[in-house]
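Contents: one structure, followed by commentary.
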Amino acid sequence: MKNETLLRIKQESAAVTPDALPSFYTAMSAELASARDTFFSHPMVLRCREDVLPFLNDEFGHGIEHSKKVAIECSALILGEAEALGLEQARRLSLLAMLAGLLHDTCRLEGDHATRGADLALLILRDYPLTDEEKQMIADAVRCHEAFSAPAEFDHHGTQLLADALYDADKFRWGPDNFITTLWEICNYQEWTLQQILDKFPTGLEVVASIQNTFRTPAGKIYGPEFIELGLDMGKKIYQIIQAFCRKNDCSGHITA
C-alpha cells in the first residue's frame, strides 16, 4: 500500500481518540508523578533503560515507548498500595516494578517470550545493586505477565503484588494505545494488507474484550476495565473506517510505513 494511503487511514483513525484520558490518570496522579520522577532520575532506572535498548523492538509495537509506559504505571500501581505496605517498602517495591516494566518485553519476538524474558532479566540484573531475592522477584514478575495465563500464586506478598502490577500495567496498553499506535506498528511489521486487517479485526476485538475482567491489583480492577472499554470503542470506529475505505478502494496492497 502506498504511504499516502496508510497516512490517510491513520489520520482518519486519529479522529476517534477518546475525549478524555482514562480516570486512572486523574485518580492516581500523585503516584504517577512520583513514578515519572524516579524513571528520569534514579541511577538504576537510567542504567536499565540503556541496558534494555538493544532488546526492544519498536516496529512490533512493544518497544521503548511501551516499556516506558508499563514501567511508570506499574510503579504507580505499587505506590498506590503504600498505606498497606508502608512507605519505605512501597518505594523499594515500586523501584523493582519500574525495572520489571522496562525488562518485561525484551524477548517479545521469541517463543515463550515471558519465560525467556525472565531469564534475560536475571542476566541483565546480575551485577545491579539488588539482593538476589529482589532480582528473582523481578524475574518472577516478568515470567508471569503474559495475557491469558493463569495468575501465578506466590507465598511472598511483595512478589505477588509486583507480578500482578506488571500484568495490569501491561494490559492497560490493550486500551486506546492498542489502536493509536500498536495496531499500525504490528500491521506494518507483518506486512498485512488492509483487507487482511479487515478480516482479522472482529477476532481481534474479541481478544481485547476478553482481557477486560482479568486485572489483578486493587487499582487495576477499578481502572483497567475502563482502559479496555475505551480501546474497544476506538477499535469499532476504526473498523468502520477501514470498511468504508475498502468499499471504495483496492485494499489488497501491503501497508508500508
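Any read-out appearing in this document is the output of simple, stated calculations on the displayed coordinates, not a laboratory observation. All values derive from a computational prediction rather than experimental measurement. Using ideal geometry, Cβ is built from the backbone for each residue, glycine included, and neighbour counts are taken over all protein chains shown.
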Inset, instruction - Pull up all non-local amide H partners of T193: gap of 5 or more, or a different chain, and H-to-H distance under 5 Å with H placed in the peptide plane. - result: I255
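Holding the Cα-Cα limit at 24 Å, pick out from K171/K248; K68/K236; K68/K200; K10/K237; K10/K69 the pairs that are longer than that.
In this structure, K171/K248; K68/K236; K68/K200 exceed 24 Å between Cα atoms.
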Legend entry - CD proxy at 222 nm, helix term only [per DSSP H run n ≥ 4: -39500 (n - 2.57); per residue of the chain; nearest 500]: -21000 deg cm²/dmol
Inset, instruction - Hey, could you grab the Kirkwood Rh for the range 178-257? Inverse mean 1/r over distinct alpha carbon pairs, Å, one decimal. - result: 13.7
Legend entry - Mean projected area (nm²) of the alpha-carbon convex hull when the range 120-257 is viewed from all directions: 10.1
Legend entry - the range 138-175 versus the range 209-230: alpha-carbon centroid distance in Å: 13
Legend entry - Efficiency of FRET from Cβ geometry, T115 and K236, R₀ 25 Å, rounded to 0.05: 0.15
Inset, instruction - Could you run the Debye sum over the Cα atoms of the range 172-224, one equal point scatterer each and no solvent, and tell me log10 of I(q)/I(0) at q = 0.24, 0.30, 0.31 Å⁻¹, two decimals? - result: -0.95, -1.20, -1.23
Inset, instruction - Tell me, rounded to the nearest percent, the portion of alpha carbon pairs in the range 12-143 spaced more than 23 Å apart. - result: 35
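Which of the peptides 18-26, 134-142 is most tightly packed, and how do the rest follow, going by the mean number of other Cβ atoms within 10 Å of each residue?
134-142, 18-26
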Legend entry - Inverse mean reciprocal Cα-Cα distance (Kirkwood Rh) of the range 101-196, Å: 14.7
Legend entry - Hull shadow area, averaged, the range 17-77 [alpha-carbon convex hull, nm²]: 5.0
Legend entry - Cysteines in the chain that, by Cβ-Cβ distance, have no pairing candidate under 4.7 Å: C48, C74, C107, C144, C187
Inset, instruction - Summarise the long-distance tail of P(r) for the chain by giving the % of C-alpha pairs beyond 26 Å. - result: 41
